[in-house]
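Presented below is the structure to which this report refers.
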There are 2 protein chains.
Amino acid sequence: MKSLAFSALAFVLPMASWADPLPSWTDSASKQQIIAFVDSVTDPSGENYVTPAERIAVFDNDGTLWAEQPVYFQFIFAMDRLAELAEKDPSILSTPALKAAAEGDLQTVLEGGHDALIEVVNASHSGSSVEEFQSEVAEWLNTTRHPVTDLPYDQMTYQPMVELLRYLRDEGFKTYIVSGGGLHFMRVFAQEAYGIPPEQILGTYGETVYDSSADTPVINKAPGIAFIDDKEGKPINIERTIGKRPILAGGNSDGDFAMLEWTTAGDGPRLGVLVHHTDADREWAYDRESPIGRLVDGLDKGPDMGWVIVDMANDWSRIYTGAN
Amino acid sequence: MKSLAFSALAFVLPMASWADPLPSWTDSASKQQIIAFVDSVTDPSGENYVTPAERIAVFDNDGTLWAEQPVYFQFIFAMDRLAELAEKDPSILSTPALKAAAEGDLQTVLEGGHDALIEVVNASHSGSSVEEFQSEVAEWLNTTRHPVTDLPYDQMTYQPMVELLRYLRDEGFKTYIVSGGGLHFMRVFAQEAYGIPPEQILGTYGETVYDSSADTPVINKAPGIAFIDDKEGKPINIERTIGKRPILAGGNSDGDFAMLEWTTAGDGPRLGVLVHHTDADREWAYDRESPIGRLVDGLDKGPDMGWVIVDMANDWSRIYTGAN
């Protein structure tokens with residue numbers, strides 16, 4: 001009977017495409033370009049047809065699939081966790097940057113530059129097993145809300161992008177996250193928030209060590225960053241992990257430029273999508289001058305390369321998954 | 001009509017399991033243990049049931065899925081390629097190890113130890129784009145034969161293991177390679193030889209760089225090894241790339257010990273499978289004393305951990321895919 005149920009499902013699913021696959025997008029040129037691309041690569045009789053095995057779509061996370069203001073959510077987690085760890089053992093706040101972070105003084109941490117950020121990440125993201133770390137993240141997501149929207153962070157996903165991910169999968173694409181954010185951090189919520197399983201998440205990762213000294217061997221998170229999945233690191237990581245040049249890439253900042261450039265430079269039909277944060281009323285408006293999500297190259301060169309520049313204020317009828 | 005055809009297929013496929021899923025295995029205890037495990041984790045009414053998303057199976061390649069004697073096939077490729085490159089530019093043979101390798105003098109290279117091996121790999125595996133390198137590998141596989149069996153290397157896959165991979169996939173498993181061999185090298189033949197796509201291959205990889213100076217940006221192979229996917233590196237790479245602890249792991253040497261140990265230490269039903277090379281007539285017989293595929297820990301500790309130790313001479317009725 002199971003096989004029969006699956007068969008019925010397989011027969012019904014294609015009909016879903018008669019409905020609007022992107023209901024939270026206005027009837028804009030962006031939406032039309034995206035749908036025309038998907039129609040083109042999935043039409044078996046068309047010259048742009050792409051086999052399902054090659055329908056790889058990659059998306060940045062921060063600022064592309066969920067919000068990233070006033071600072072990357074993972075950094076807020078890092079500061080919160082540091083404060084919690086310091087309650088048990090104040091001696092871990094051994095530098096000015098760590099003290100500032102535990103007090104939530106973001107400004108001072110950022111003024112400390114790269115070294116300060118690494119100190120904060122090392123102190124808050126290592127010293128436990130991967131499983132223990134991910135339990136902490138899950139607990140934090142369940143109990144913390146965003147200072148501006150008062151939404152749980154994992155409800156600040158962009159509903160139009162959640163729809164785009166689902167639409168692509170319905171059309172035979174395999175969807176991946178390729179983010180400068182932390183691999184272990186994202187895996188905690190990406191399955192539920194985006195329908196993307198752990199093995200389709202690429203991100204920045206710290207050093208890990210195999211520890212077989214316990215009864216049950218585990219992987220522990222250690223200090224030090226092993227790979228930074230940003231800028232040129234994105235195409236490099238995609239090549240290593242997926243081994244195929246994607247046919248669709250989505251991002252929102254210059255950290256995504258190389259990924260979109262590499263994706264859209266391939267033979268045959270390709271699509272680059274850049275989310276442009278233009279909506280100061282419903283979200284945030286920022287691009288060229290923003291320390292978070294800085295977008296210059298994409299705006300200057302993207303249009304000539306045929307990339308879709310999504311105008312958030314005009315192209316999206318709804319922003320957050322967690323609020324209408 | 002396409003949907004209808006898929007529906008028919010979905011209805012017919014389960015019936016294939018009535019036939020023997022492992023015809024190249026004798027009716028041994030090993031085979032019975034493997035089938036009992038698969039039956040157990042796929043029975044929705046049983047207490048050992050595992051959801052398809054968690055049915056992750058990982059396999060070493062050299063000595064587990066294909067042969068590895070008299071030396072790893074990739075190393076024969078490296079020596080052949082070095083000789084070819086030296087024909088055009090003899091100056092690249094700048095060290096004794098490189099000269100020896102280009103002459104096929106394996107003994108001298110091995111005596112040079114780790115540094116000599118790195119020299120040979122760097123000289124033969126870098127300096128081109130990933131695509132160019134993989135074209136070279138494909139050409140080599142198409143034109144070269146094994147010195148002992150006279151078979152093409154990619155026909156020296158173990159037919160019983162090819163059947164096991166297919167059986168696992170038919171039962172809802174996702175099959176991965178996790179090998180000390182080169183990532184880019186394996187991706188050339190793994191889809192056809194094993195039915196395993198590029199994104200399910202984990203291996204050792206060299207440094208790569210993103211080069212956007214050309215008209216079409218590419219990923220180039222650079223000197224230097226970025227990650228060695230052996231011993232503790234295997235569970236570390238699985239955690240990074242797949243993000244789940246597998247429920248089945250297969251290997252053949254002590255380089256696979258940590259992977260099998262980590263896999264079988266997880267909660268619930270787990271299976272470790274070690275291929276023991278016991279067949280001097282049809283293949284090779286080696287274990288504790290072999291410089292290639294050394295197997296000591298697995299033989300000493302595996303049985304107590306419930307691992308299946310495959311006795312190649314007795315458990316397999318056929319060895320190579322390319323020869324009956």
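The values are calculated or read from the model by the stated rules, or taken from the named source; none is laboratory data. For clarity, every value in this text was computed on a predicted model and none was experimentally measured. Note that each Cβ is placed from the backbone with ideal geometry, even for glycine, and that neighbours are counted across all protein chains shown.
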Within the range A:216-250, can you find the residues that are more than 17 Å from the chain's Cα centre (by Cα) and more than 11 Å from chain B (Cβ to nearest Cβ)?
A:223, A:224, A:225, A:247
Where residue B:165 falls short, out of the listed (1) more than 27 Å from residue B:31 (Cβ to Cβ); (2) modelled with pLDDT of 95 or more:
(1)
Taking the range A:186-205, which residues are within 12 Å of another protein chain (Cβ to nearest Cβ) and in contact with a helix residue (DSSP H, G or I) (Cβ under 6 Å, 6 or more places away or on another chain)?
A:187, A:188, A:196, A:197, A:198, A:201, A:202, A:203, A:205
Of all residues in the range A:114-132, which are among the charged types (D, E, K, R) and buried (at least 16 other Cβ atoms within 10 Å of the Cβ)?
A:119
With B:268, B:322, B:250 as the choices, which residue is surrounded by 19 or more Cβ atoms within 10 Å (Cβ to Cβ), small (Gly, Ala, Ser) and touching a residue at least 12 places away in the same chain (Cβ under 8 Å)?
B:250
Of the residues that make up the range B:150-173, is at least one closer than 19 Å to residue B:68 by Cα, aromatic (Phe, Trp, Tyr) and either more than 9 Å from chain A (Cβ to nearest Cβ) or buried (at least 16 other Cβ atoms within 10 Å of the Cβ) (or both)?
yes
Criterion violated by residue A:75 - all others in (1) in contact (Cβ under 8 Å) with a residue 40 or more places away in the chain; (2) of a type outside the set (Val, Ile, Thr); (3) more than 29 Å from residue A:194 (Cβ to Cβ) satisfied:
(3)
Taking residue B:43 and the conditions (1) in contact with a Phe, Trp or Tyr (Cβ under 7 Å, 6 or more places away or on another chain); (2) surrounded by fewer than 21 Cβ atoms within 10 Å (Cβ to Cβ); (3) closer than 18 Å to residue B:294 by Cβ, which numbered condition does it fall short on, given that it satisfies the others?
(3)
Residue set A:58, A:38, A:109, A:50; condition surrounded by 15 or more Cβ atoms within 10 Å (Cβ to Cβ) and either without any contact (Cβ under 8 Å) to a residue 12 or more places away in the chain or assigned to a loop (DSSP other than H, G, I, E, B) (or both); output residue A:50
Unique residue being within 23 Å of residue B:244 (Cβ to Cβ), more than 10 Å from chain B (Cβ to nearest Cβ) and out of contact with any strand residue (DSSP E or B) (no Cβ under 6 Å at 6 or more places or on another chain) when the list is A:253, A:213
A:213
So residue B:279, is it within 14 Å of chain A (Cβ to nearest Cβ) and farther than 22 Å from residue B:176 by Cα
no
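Table: residues versus (1) modelled with pLDDT of 95 or more; (2) more than 18 Å from residue A:37 (Cα to Cα); (3) out of contact with any Leu (no Cβ under 7 Å at 6 or more places or on another chain).
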site: A:245; (1), (2), (3): yes, no, yes
site: A:249; (1), (2), (3): yes, no, no
site: A:259; (1), (2), (3): yes, yes, yes
site: A:271; (1), (2), (3): yes, no, no
Between a residue in the range B:219-235 that is aromatic (Phe, Trp, Tyr) and any residue that is modelled with pLDDT of 95 or more and in a strand (DSSP E or B), which pairs come within a Cβ distance under 7 Å, given they are 6 or more apart or on different chains?
B:227/B:204; B:227/B:205
Would you say residue B:219 is within 30 Å of residue A:258 (Cβ to Cβ), touching a helix residue (DSSP H, G or I) at 6+ places or on another chain (Cβ under 6 Å) and assigned to a strand (DSSP E or B)?
yes
Among the listed residues A:118, A:76, A:177, which satisfies the condition of being within 29 Å of residue B:239 (Cα to Cα) and assigned to a strand (DSSP E or B)?
A:177
Hey, any hits in the range B:14-25 for a residue that's under 25 Å from the mean Cα position of the chain (by Cα), in contact (Cβ under 8 Å) with a residue 24 or more places away in the chain and within 14 Å of chain A (Cβ to nearest Cβ)?
no
Residue, farthest from residue A:183 (Cα to Cα), within the range B:256-268, restricted to residues that are part of a helix (DSSP H, G or I) and either within 11 Å of chain A (Cβ to nearest Cβ) or over 17 Å from the mean Cα position of the chain (by Cα) (or both)
B:257
Mind counting the residues in the range A:124-153 that are outside any loop (DSSP other than H, G, I, E, B), under 23 Å from residue A:99 (Cα atoms) and in contact with a Gly (Cβ under 7 Å, 6 or more places away or on another chain)?
1
Evaluation of residue A:93 against (1) farther than 15 Å from residue A:292 by Cβ; (2) under 24 Å from the mean Cα position of the chain (by Cα) (one fails), failing number:
(2)
Give the residue, chosen from A:187, A:145, that is among the charged types (D, E, K, R), surrounded by fewer than 16 Cβ atoms within 10 Å (Cβ to Cβ) and either touching a Cys at 6+ places or on another chain (Cβ under 9 Å) or more than 22 Å from residue A:38 (Cβ to Cβ) (or both).
A:145
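Quick grid of which residues meet (1) hydrophobic (A, V, I, L, M, F, W, C); (2) within 21 Å of residue B:313 (Cα to Cα):
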position: B:117; (1), (2): yes, no
position: B:130; (1), (2): yes, no
position: B:133; (1), (2): yes, no
position: B:142; (1), (2): no, no
position: B:151; (1), (2): yes, yes
position: B:157; (1), (2): no, yes
position: B:164; (1), (2): yes, yes
position: B:167; (1), (2): no, no
Would you confirm, using the coordinates I've provided, whether residue B:124 is free of Cβ contacts under 8 Å to residues at least 60 places away in the same chain and in contact with a Lys or Arg (Cβ under 6 Å, 6 or more places away or on another chain)?
yes
Quick check: anything in the range B:304-313 within 14 Å of chain A (Cβ to nearest Cβ) and not in a loop (DSSP other than H, G, I, E, B)?
yes
